[in-house]
Amino acid sequence: MFYHTIVPDCKPFLEIIFWVKDLKLSFKESYFLALNRMQQKIIIEAKTWLGTQFHHQGRVKICTTHNGGCDCIGLVIGVATALNLQSKTGASLADYDSHNYSNIPEGDNLRHQLSQHLLEKGNNITNAQTGDVVLFSFAKNPQHIAIIDRQTDELFIIHAYSVVGKVCYHRLDNKWQQRLVQIYSFREFCDR
């Protein structure tokens, strides 16, 4: 079996040439291969933040010389910055980073900001895909976000969680699913 793939780093919409036993895949099939690659990049980058200590409004990843510090928003901004992910408008998501939120967000401000810059997918957990951002509610306020990692039929989340004091990775169990408010996708995944 011979295969050849061309996937530009941050342009998953460009044509991919993929040969399997002399069969050229359609553009749609090639497009989904590129999506899968970007989804994997998001998870790989997010996992490099594992162990980063929780710090409200932090944006610094753990490294060999310090423990870094970030909150749930800082993790998503850090991943988006590293991969140059874009807002719905086409501008870099990092350009919209803001530090004007309290330790316990009030009302729907976080939900409004996410809806303004990411694509809404509803709140049916079966629609969640690897690389999606999920919004959770605590004390009736949408105030926490995480990145989805789908492993076959099981969902996991990567998030900076103050309760454990660091960026962590665990299964999206029933308790977390009940807190789900909304699922969002990055602009790069608008056709899935």
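The values are calculated or read from the model by the stated rules, or taken from the named source; none is laboratory data. Since the model is a prediction, treat every value here as computed from it, not as a measurement. Counting neighbours? That spans all protein chains shown, and the Cβs are built from the backbone with ideal geometry, glycine included.
Worth a mention:
- Asp95 meets all of the listed conditions (1) within 19 Å of Ile43 (Cα to Cα); (2) of a type outside the set (S, T, N, Q); (3) in a helix (DSSP H, G or I) but one, namely (1).
- When Glu45, Glu29 are screened for being assigned to a helix (DSSP H, G or I), of a type in the set (Asp, Glu) and at pLDDT 95 or above, only Glu45 passes.
- Among the conditions (1) touching a residue at least 24 places away in the same chain (Cβ under 8 Å); (2) over 15 Å from Ala146 (Cα atoms), Thr52 misses just one, which is (2).
- Residue match in region 175-184 (condition: in contact with a Ser or Thr (Cβ under 8 Å, 6 or more places away or on another chain) and under 18 Å from Tyr96 (Cβ atoms)): yes
- Taking the criterion of being of a type in the set (A, V, I, L, M, F, W, C) and free of Cβ contacts under 8 Å to residues at least 60 places away in the same chain, the residues of region 63-92 that qualify are Cys63, Ile77, Ala82, Ala91.
- Checked against (1) part of a loop (DSSP other than H, G, I, E, B); (2) under 18 Å from Arg37 (Cα atoms), Glu188 meets all criteria but (1).
- Flag if Gln129 is exposed (fewer than 12 other Cβ atoms within 10 Å of the Cβ) and touching a Lys or Arg at 6+ places or on another chain (Cβ under 8 Å): no
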